[in-house]
Amino acid sequence: MAYTIKKETMDTFSEYNSETEQFLNWPFVFSLPVWLQSWWESFGEGYELSLRSVFKDQQLIGLAPLMRMNESAALVGSPDVCDYLDFITAPGKEQEFFQALLPDLQKEGIKRLQLNSQRPGAAVFKGLFAAENNRECYLKLSFSRENESFELNLPDHWEDYLAALSKKQRHEVRRKLRRLERETAGYSYRIIKDCGPVQEFIPAFFNLVRFNPEKADFFTPKMEQFFSRLVDNLARTGLARFGLLDLDGITVAAVLYFDYRGRIHLYNSGYNADYSSLSAGLLSKVLCIKQSIEHKRPVFDFLKGQEVYKTRLGGSPVPIYRVEIELG
């Protein structure tokens, strides 16, 4: 068998995404070329883009969206804004993919791979940790716990979701929703997903986020630029959504999420602190779950971070790892 490694560009990655979606695994929204491009344009300074494709007998079996700094390489992205990172591989071809890729990286003078934001099912765990025949390609392979995310398998009906919560949390969700109805003239939860309205709402979303002092330091001008670019680009592909909680005709809370392959990625949120007594922030997430159930989405992913509300609303933890590979 013959393996061929080709150097690629963001443009060719986008072409591969259009052409190979059926037989390559593009696991999460964070692996898509539109996301990689958005991140690179915002934070890529100081790195060298090092994108590669791996072919076996002229059949594409995987893509490596790497960036390089001196003798180290990493997946394009960063843990603070990219919850999951991964190689894009053909299912079942992970071992062959790394068997071809690692020697090529060595020839290019790369001595280590530092892979952040790796889920348990990431390609590196399937292709390296279980592959004895790749041992000659590296000197040391290790991983450590980096963070954890929380996800929820959604049932078919809202009442089934409530029934699965603890008795206390079920009571709290119902009590807060009743209070919202009782103490306001009317509330509604709506989704905006068309490109124009999503783009237009971005400044209003930032205003809601700024009410949270814990997020004020995070949303630097550079980070706002990244979020604007990201949401703008993903809106053009139809993946970006805002879920808005309106009270008496005023938007008091919003969630930013991505709807990708039936999986809801709850990416960020904000709410007007003047409405904190009505639990506006929490209920915007509850109503997002409710609407996801109604739209028959199978998985609600709260993404990384150990906020208490995620377990209270039914999320189960998923470990996220950092993997380091010393190449021989």
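No lab work stands behind these numbers, since they all come straight from the coordinates. What you are looking at is a predicted structure, and each value in this text was computed from that prediction instead of being measured. Heads up, the Cβs are rebuilt from the backbone with ideal geometry, glycines too, and the neighbour counts pull from every protein chain shown.
Considering every residue within the stretch 214-224, establish whether at least one is hydroxyl-bearing (Ser, Thr, Tyr) and under 23 Å from Arg170 (Cα atoms).
Residues of the stretch 214-224 that are hydroxyl-bearing (Ser, Thr, Tyr), as a first pass: 220.
Next, from what is left, pick out any that are under 23 Å from Arg170 (Cα atoms): none.
No: zero hits.
Hey, among the residues in the stretch 167-223 that are basic (Lys, Arg) and either touching a Gly at 6+ places or on another chain (Cβ under 9 Å) or surrounded by 12 or more Cβ atoms within 10 Å (Cβ to Cβ) (or both), which one's farthest from Tyr271 (Cα to Cα)?
Taking the stretch 167-223 first, the residues basic (Lys, Arg) are 167-168, 170, 174-176, 178-179, 182, 190, 193, 210, 215, 222.
Now drop any that are not either touching a Gly at 6+ places or on another chain (Cβ under 9 Å) or surrounded by 12 or more Cβ atoms within 10 Å (Cβ to Cβ) (or both), which leaves 170, 174, 176, 179, 190, 193, 210, 215.
On the way: Arg170: 22, Arg174: 20, Lys176: 16, Arg179: 17, Arg190: 15, Lys193: 19, Arg210: 9, Lys215: 12 Å.
For the stretch 167-223, the residue satisfying everything is Arg170.
I need the full set of residues from the stretch 201-239 which are without any contact (Cβ under 8 Å) to a residue 24 or more places away in the chain and of a type in the set (Asp, Glu), in order please.
Passing the criteria: Glu214, Asp217, Glu224.
If you scan the stretch 75-112, which residues turn out to be of a type in the set (A, V, I, L, M, F, W, C) and over 24 Å from Leu303 (Cα atoms)? Steps first, answer last, please.
Quick first cut of the stretch 75-112, residues of a type in the set (A, V, I, L, M, F, W, C) only: 75-76, 81-82, 85, 87-88, 90, 97-98, 100-102, 105, 110.
Matches in the stretch 75-112: Ala90, Phe97, Phe98, Ala100, Leu101, Leu102, Leu105, Ile110.
Kindly establish whether Phe242 is without any contact (Cβ under 8 Å) to a residue 40 or more places away in the chain and aromatic (Phe, Trp, Tyr). Give the steps one after another, and end with the answer.
Numbers: without any contact (Cβ under 8 Å) to a residue 40 or more places away in the chain: no; aromatic (Phe, Trp, Tyr): yes.
For Phe242, the condition - without any contact (Cβ under 8 Å) to a residue 40 or more places away in the chain and aromatic (Phe, Trp, Tyr) - is not met.
Among the candidates Ser42, Ser53, Ser18, single out the residue that is surrounded by 16 or more Cβ atoms within 10 Å (Cβ to Cβ), among the polar types (S, T, N, Q), free of Cβ contacts under 8 Å to residues at least 60 places away in the same chain and more than 20 Å from Glu324 (Cβ to Cβ). If you could, list the steps in order and put the result at the bottom.
Values: Ser42 fails: free of Cβ contacts under 8 Å to residues at least 60 places away in the same chain; Ser18 fails: surrounded by 16 or more Cβ atoms within 10 Å (Cβ to Cβ).
Going through Ser42, Ser53, Ser18 in turn, just one is surrounded by 16 or more Cβ atoms within 10 Å (Cβ to Cβ), among the polar types (S, T, N, Q), free of Cβ contacts under 8 Å to residues at least 60 places away in the same chain and more than 20 Å from Glu324 (Cβ to Cβ): Ser53.
If you go through the stretch 81-132 one residue at a time, how many are under 14 Å from Leu66 (Cα atoms), in contact (Cβ under 8 Å) with a residue 60 or more places away in the chain, acidic (Asp, Glu) and surrounded by 22 or more Cβ atoms within 10 Å (Cβ to Cβ)?
Total meeting the criteria: 0.
Could you tell me which residue of the stretch 236-245 is surrounded by the most Cβ atoms within 10 Å (Cβ to Cβ), considering only residues that are over 15 Å from the mean Cα position of the chain (by Cα) and more than 14 Å from Gln37 (Cβ to Cβ)? Walk me through how you get there before you give the answer.
Of the stretch 236-245, the ones over 15 Å from the mean Cα position of the chain (by Cα) are 236-238, 242-245.
With more than 14 Å from Gln37 (Cβ to Cβ) added as a condition, the list becomes 238, 242-245.
Values: Gly238: 13, Phe242: 22, Gly243: 24, Leu244: 20, Leu245: 27.
Residue satisfying both the conditions and the ranking: Leu245.
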